[in-house]
Amino acid sequence: MVKIKKYLVDGFAATVEIDEANTVSETITHNITNSNMGSVDEANLDPVANPVIPGENTFEKWQKIHVTAMGGSSLINNLKVWRTGALGGSAVHVTNARTASYGGAETFATPVDTDSTVADQTMPTSEPATANLGIGGALAGELDDVGSSDYLVHQIQSDAGDVAGSTSTMNYQYDETA
Amino acid sequence: MAKHIDGLTGKVFNSEAEYLAHVSPVTGFKPTDIRHQGKRGVLIAKNALKRSGSLNKKAEADLDKAYVELGGKAPKKRKTK
């Protein structure tokens with residue numbers, strides 16, 4: 001008797017990855033392994049090799065929550081992003097994510113290390129009460145098929161007196177309806 | 001045309017469709033298979049379904065099976081009186 005295992009692509013749950021866009025060409029790195037921030041516009045960068053001079057900013061990160069398959073589920077929504085863990089010194093972490101007066105979906109622009117004009121909110125340091133990253137330009141937006149969230153834009157702005165970096169955790173959360 | 005890069009391997013694809021169709025040499029699964037995200041991805045999916053109240057028995061059993069296939073420990077069975 002020959003046993004044949006059959007794995008269904010749709011049948012578990014939705015598959016979700018975090019993508020990042022870099023350079024003027026909007027090159028997409030899928031399923032990034034980290035959100036390290038530093039002095040170059042690169043995904044999965046080495047922060048030790050690309051440190052930030054005190055008083056200067058990291059390059060912006062332009063990232064998306066990307067559903068690559070629905071896996072039999074019907075809906076992905078209620079996107080929340082936040083950071084847990086302290087930053088070094090007096091650095092601040094800014095973002096476009098917000099729970100109210102959402103600015104709509106940002107159109108990609110080459111990431112900069114000057115003060116971000118897009119990321120003008122403070123990154124939450126605990127789970128927001130409601131969605132703070134949109135889909136289709138709206139916080140109440142939903143995905144019922146493969147696709148991506150709006151761009152999450154964030155940047156760390158260091159202080160001239162900062163003497164060390166830090167390690168913290170970026171949280172990307174979504175709700176899924178079977 | 002924008003390039004698409006696999007974050008795990010650095011391999012460059014000409015399109016998102018090509019990226020989604022490839023079998024990862026790291027995980028052995030396509031990016032469209034939840035097992036490509038590993039045990040952590042399976043747990044993330046379970047929690048995402050729990051938050052909407054739609055983690056039914058079948059979905060939980062399927063995800064637990066995937067978790068074990070990926071090398072995770074089988075969940076403890078609840079004792080019934």
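List of remarks:
Residue-by-condition table, conditions (1) under 13 Å from A:Phe12 (Cα atoms); (2) outside any helix (DSSP H, G or I); (3) open to solvent by 80 Å² or more (accessible area, probe 1.4 Å):
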position	(1), (2), (3)
B:Ile5	no, yes, no
B:Val23	no, yes, yes
B:Gly28	no, yes, no
B:Val42	yes, no, no
B:Glu60	yes, no, no
B:Ala66	yes, no, no
B:Pro75	no, yes, no
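- Evaluation of A:Gly88 against (1) within 9 Å of chain B (Cβ to nearest Cβ); (2) at pLDDT below 95 (one fails), failing number: (1)
- Scanning region A:50-73 finds one or more residues that are crowded, with 18+ Cβ neighbours inside 10 Å, within 14 Å of another protein chain (Cβ to nearest Cβ) and charged (D, E, K, R).
- If the condition is being out of contact with any helix residue (DSSP H, G or I) (no Cβ under 9 Å at 6 or more places or on another chain), part of a loop (DSSP other than H, G, I, E, B) and surrounded by 15 or more Cβ atoms within 10 Å (Cβ to Cβ), then region A:137-178 contributes A:Leu139, A:Gly141, A:Glu142, A:Ser149, A:Asp150, A:Tyr151, A:Ser158, A:Asp159, A:Asp162, A:Gly165, A:Ser168.
- Every condition in (1) without any contact (Cβ under 8 Å) to a residue 12 or more places away in the chain; (2) touching a Pro at 6+ places or on another chain (Cβ under 8 Å); (3) hydrophobic (A, V, I, L, M, F, W, C) holds for B:Leu20 except the one numbered (1).
The values are calculated or read from the model by the stated rules, or taken from the named source; none is laboratory data. Since the structure is predicted, the reported quantities are computational estimates derived from the model, not experimental observations. FYI the Cβ positions are ideal-geometry reconstructions off the backbone, even for glycines, and counts take in every protein chain you see. Ligands, DNA and RNA are stripped out before the accessible areas are found, and what is left, the full protein with its side chains, is counted by its heavy atoms. Shrake-Rupley method; radii C 1.70, N 1.55, O 1.52, S 1.80 Å.
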